[in-house]
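A quick write-up on the structure given underneath.
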Amino acid sequence: MRASIEAHLGSRQVAKVVYGSIIGLALVVALAGHPPGSAAMIVSLLGTAVAVGLAELYSEIVGAETSTRHSVTRHELAHMLDDVVAVGFGVAFPAVFFLLALLGAVPQAAAFTLAKWSGLALIGFYGYVAARFSGAAVHQALLRASLVALVGGALIVLKSLLH
């Protein structure tokens, strides 16, 4: 398990998961003001994950074909699909909390809270890991992760104050 986590943290999929997480977090924050039911949130997150994943795939194919002047190979497509899955995972992950709410394990309000703050924690965690991998000391990495988390937290607080 540790080896697969380390392999993930050293891959380019980290950027894609972070990108997807930001989109998922933005969707959760936007819908929290007038929250739909848990099932609707699950469908919204999964639908957004598919839409963003397909947009990612299309843009990667177009970008590759215009820059290389040849059709995308199966090998290139396989790498692109890895990126699509990573983006989709990042967007769709908060659906887990709404599934728990749908099953009655947590209240729906708690699902929104968990979805928002876990997304923020994930983004901060990746900021910390990136700083450490780039050679920053622990205190510098914590500062970098905190700054990223503060920006996201400020957006969540601002959005909650406006509704």
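The values are calculated or read from the model by the stated rules, or taken from the named source; none is laboratory data. Please read these numbers as outputs of a predicted model, since none were measured by experiment. Ideal geometry is used to build each Cβ from the backbone, glycine not excepted, and the neighbour counts take in all protein chains shown.
Odds and ends about this structure:
- Among the residues here, G88 qualifies as at pLDDT 95 or above and either within 12 Å of the chain's Cα centre (by Cα) or part of a helix (DSSP H, G or I) (or both).
- The lone criterion from (1) within 20 Å of the chain's Cα centre (by Cα); (2) more than 24 Å from R12 (Cα to Cα) left unmet by L103 is number (1).
- Selection count where residues are surrounded by 17 or more Cβ atoms within 10 Å (Cβ to Cβ) and closer than 20 Å to V157 by Cβ, scope the stretch 95-116: 6
- Residue match in the stretch 93-100 (condition: in a helix (DSSP H, G or I), free of Cβ contacts under 8 Å to residues at least 40 places away in the same chain, closer than 28 Å to S44 by Cβ and within 16 Å of the chain's Cα centre (by Cα)): yes
- Residue match in the stretch 44-63 (condition: free of Cβ contacts under 8 Å to residues at least 40 places away in the same chain, among the aliphatic types (A, V, I, L, M) and not in a helix (DSSP H, G or I)): no
- Any hit, the stretch 27-36, residues being outside any helix (DSSP H, G or I), surrounded by fewer than 12 Cβ atoms within 10 Å (Cβ to Cβ) and either at negative phi or modelled with pLDDT under 95 (or both): yes
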